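Data first, discussion second: the structure below is written as structure tokens.
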Amino acid sequence: MTEKWIYWFEELSKDSFELVGKKCANLGEMTRAGLPVPPGFALTVDAYTRFMNETGAAGEVRAYVAAVNRQQLTRDERHSRHVRKIVENHELPEDMKLDVSREYGRLCDLVGRPDLPVAVRSSGVASMPGAMETYLNVRGDEQVFTKIVEVWGSSFTHQAVAYRASNGLSIENFPIGVAVMKVVNAKCSGVAMSVHPNTGDRNKMLVEANWGLGEGVVGGAITPDHFVIDRTTGEIQSTISTKTECVLPNGNGTSWQAVETELQACSCVSDDELREIVKLAERLETAYGEPQDIEWVFDRDFALPDSLRVVQTRPAKIAKGADEGSQNQYLIDMLLSSVYHRT
Amino acid sequence: MRTYEITPFEFDETADLQKYDAWFLDGTHSVPPWTPMFGWSWINYCRHGMMWAAQKLQLPTCKGWDWRLHRGGGYLAVLVVDDPGEIAAREQVFRKQLEPFIEDYDAVWQKHLDELQGYYGTLKAFDIDSATNIELLDHMEDAFRLNRRMWEIHFYFMYVVFGVYMLFEAMMKQMFGIDDSSPEFHKVLTGFDNKVFQVDKKLWEFGKKAQAMGLDSLFMNNPPERVGDLLEQTEAGRLWLADFREFLSEDGWRSQRMSEFINPTWIENPAPAYMSVRQFLQKGGDFDLERERARLGAERQRAEKELLDGIPDEQRGWFTKLLRLAQRSGSFSEEHNHWLDLYTHALVRRALVGWGERLVAAGVMDRVEDVFFLIPDEIRRVALAPEWHDLRDVVADRRAEWAAWAEEENPPMIGRVTLEEAMGTLIRSNDPVVLKVVVGSLPVPKPELKADLYGTCGSPGVVEGRARMVMTDADLINVEEGDILVAPATYPSWTAVFALLGGVVVDRGASLSHAAIVGREYGIPVVMNVFEGTKVIKDGMRIRVDGNMGTVTILND
């Protein structure tokens, strides 16, 4: 097979979802729109089929599935575990390894780091949130080969199988795409709203941030640093909290870890970084034509402005027609921030 | 008898420049120099009122201003709060203090106005002529207490109202790109009635009445100082006067110079009011201001709608509130002069004149006005046995000093840093009253416009006309229809003359200065802060005033 089966994100768009799955198509669309997603490449769904056929895994799976009662298959986790094992017992064919190794090498060169830690993510043609695996901090050719196969194998997790069974999809043949992308070496991350969510003031932007990865802010488990930025004057109002814990990579996943004492009470985002976030939010707002709710992260492996990366963006939800009490409080907030302060 | 210092707040070149880098002259209020009595009252009560309001509100940035008296000039320094912890603690209280203003401004204002009017009623009802010296002394103390309270209320409002106005300016700029040099900015703030304009309207009506009674030529052909006597000589004149005195008993509590006691009130000497009547007669026609206000009001509503339609639903709520409050700010800025400063000072003057008459009768001094060269403690010392005292030497010394002060202008700043550095400190305080009243926005010369003077826009529009220099009240009589008034500043008692004017140029001023507010209500161009207008422009020159660009061009000599 000589057909191209690895695509860099910039070669893809939202129309590529049948080629590489939804996640990769989205990453392609964002890269194409000039939004700073982490760099990386996608394996087509055909690559999955090729692997399954060339290694003989397809036949083995088909045989096993045919032998098991369909109801049993969706109820008993042992069956899905067995099918995954079948897939994982096969190595990536040598010629496919060569192709992956070449592209992975290009990614390492791009960042300037050999054995660059990457995330290997599943990218299904249909959405099955959380049903298939994502591996973080995968390093070096061998690990990358293994994890690609494990992601393919994860198309047979119990949830994925159950989902296909209940939606009348083929159980034994479900090709998925794979994304191989740089793992963000997260200095800090958080959310940004390009509109003040309580008042709808488009001139005010809200940023919340913690050290480490974004799960540390999105989940709401800790009080993050809080910033209100005036988009016209660039003036920043900061409320810095004491951040004792943050989410960091751990093995092939993540975990909550203690923040060093001397960093706990420091602002985790610099003013220059905040200004980059404002610029990004304005670009996203223009691109999507409405205020955005953005998940972002700063990557230590790049210098500003390249260090700022988008994890996700979606339309911002704002409290409509805030009640009189909160309007009054908002006016008071503004009087304090724009008039009654030293300049 | 030894002449004492007027107050413990006399400027001390050594001690007062240790804590403070610089002191600024309050040129708006203390030029020409104050009499000792007024200087004493300002330094004590205005200073107290600012500190009281800053404390009551817990203003996060400032504890009011300190004041010193130097050669009859008031000098100020801002008491900035520097400690971040203290600022944060003050902010918490300040937030709460702001709530009533934002929830229901009108109710807060009415409550304080009612309180003051209660005092005014009591003081006005006091019969000075039949009072014993004890009663008159108590009356004087009551008047001083009112003075003190007036300043508390004055700054309790001004610190909030001017802050709101500044926020409105900032938001208009951020949300719509409109600053206060734009006609669009002023459209949403103008077209409101207020007490100052109501008084003007009554004066206009008295002009109409004089015309109907055949008295108009009497006003037009005689100096205002003689009008009263001439009116007394005819039946029609006496009838007109009877009504006019009734009007004055309510609205005549003002003298031509707001920040002084020494000038007679309209009740004592109505000449300035006759001058206003004459100006309206000269202008003829309908009451322009009323028609103008109806037009401005309609225009304001259109402009408001346009503004509010252009913002997202979510923002309309708080922005509408801010807009309403900013509209009140404009009204307060103009109206408070009538209800607070002018009224109170007139009543303090009345009590002091009462004492002046008694002290002259007792031989303590020679002229009633000598009382303004004393300080309250000196009146207290002699009040209950005046015949045992002689204050002629004190008065003579102080009068001589006062005359000398007026000869030599007070410096705009006394300090140990440059004017630029001191201005920088002042501007960084971000104190709304400093910025809106004392400093004003500094004009930016725009050489490409090839104008002779560069200022800031007070009221939009362009006009050409004859420059008419008005340095004092006495010059108002020379103003003719279409003239452009050129003055150091304009005063609340001058509003009637705006009906005649084509435009206004003033040396100093900010967007809430008198000339700007009244100019906008009359719909005539005003350029402010040209600094040297009264020096560069000569009486009678033809000039062009561009209120949109903030420039003045001399067309010919």
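Values in this text are rule-based calculations from the coordinates and carry no lab data. Just so it is clear, the model here is predicted, and its values are computed rather than measured. So basically every Cβ, Gly included, is an ideal-geometry build from the backbone, and we count neighbours across all protein chains shown.
Odds and ends about this structure:
- The convex hull defined by the C-alpha atoms of segment B:273-411 has an orientation-averaged projected area of 15.5 nm².
- Summing charges over all other residues whose Cβ lies under 13 Å from the Cβ of residue B:348, with Lys and Arg as +1 and Asp and Glu as -1, gives +3.
- Its alpha carbons considered, segment B:440-556 gives a radius of gyration followed by a Dmax of 12.2, 38 Å.
- Pairs of Cα atoms in segment A:6-182 fall into 5 Å distance bins, from 0 up to the last occupied one, in shares of 1, 9, 18, 21, 20, 15, 9, 5, 2, 1, 0 percent.
- For q = 0.07, 0.09 Å⁻¹, Debye-computed log10 I/I(0) when each Cα of the protein assembly as shown counts as one equal scatterer: -0.71, -0.96
- Summarising the label geometry, the points placed 7 Å from Cα in the beta-carbon direction at residue B:385 and residue B:93 lie 4.6 nm from one another.
- Net charge of Cβ neighbours under 12 Å - reference residue A:209; Lys, Arg +1; Asp, Glu -1: -2
- Sites excluded, trypsin sites (Lys or Arg not before Pro) in DSSP loops with at most 12 other C-beta within 10 Å, longest stretch of chain B: B:3-415
- Directionally averaged projected area (chain A, Cα convex hull): 20.1 nm².
- Segment A:186-338: C-alpha pair distances exceeding 21 Å, %: 45
- If you take the Cα centroid of segment B:63-114 and the Cα centroid of segment A:140-173, the two points sit 68 Å apart.
- Among A:223, A:261, A:74: highest mean-square fluctuation, GNM of chain A, C-alpha pairs under 10 Å: A:261
- Distance from the C-alpha centroid of segment B:453-472 to that of segment B:27-42: 27 Å, rounded to the whole angstrom.
- Each 20 Å bin from zero up to the one holding the largest Cα-Cα distance in chain B carries the following percent of pairs: 20, 55, 24, 1.
- Candidates A:333, A:301, A:115, ranked by Gaussian network fluctuation over chain A, Cα under 10 Å, top entry: A:333
- Antiparallel DSSP beta bridges within segment B:440-556, percent to nearest 5: 60
- Ellipticity at 222 nm from helices only: DSSP H runs of n ≥ 4 in chain B, each -39500 (n - 2.57), divided by the residue count, give -16500 deg cm²/dmol.
- Of the GluC sites (Glu not before Pro) in segment B:1-87, those whose Cβ has at most 13 other Cβ within 10 Å and which sit in DSSP loop: B:5, B:13
- One Cα centroid belongs to segment B:171-197, the other to segment A:207-274; the line between them spans 41 Å.
- The C-alpha atoms of chain A define a longest principal axis, and helix A:94-111 lies at about 10 degrees to it.
- Chain A: most fluctuating residue of A:53, A:252, A:328 per GNM, C-alpha cutoff 10 Å: A:328
- For segment A:1-98, fraction of C-alpha pairs farther apart than 20 Å, in %: 53
- Computed from the Kirkwood radius of its Cα pairs, the Stokes-Einstein diffusion coefficient for segment B:95-167 at 25 °C and 0.890 mPa s stands at 172 µm²/s.
- At 1.306 mPa s and 10 °C, Stokes diffusion of segment B:43-146 via Kirkwood alpha-carbon radius, µm² per second: 95
- Where GluC sites (Glu not before Pro) in DSSP loops with at most 15 other Cβ within 10 Å are excluded, longest remaining stretch of chain A: A:92-234
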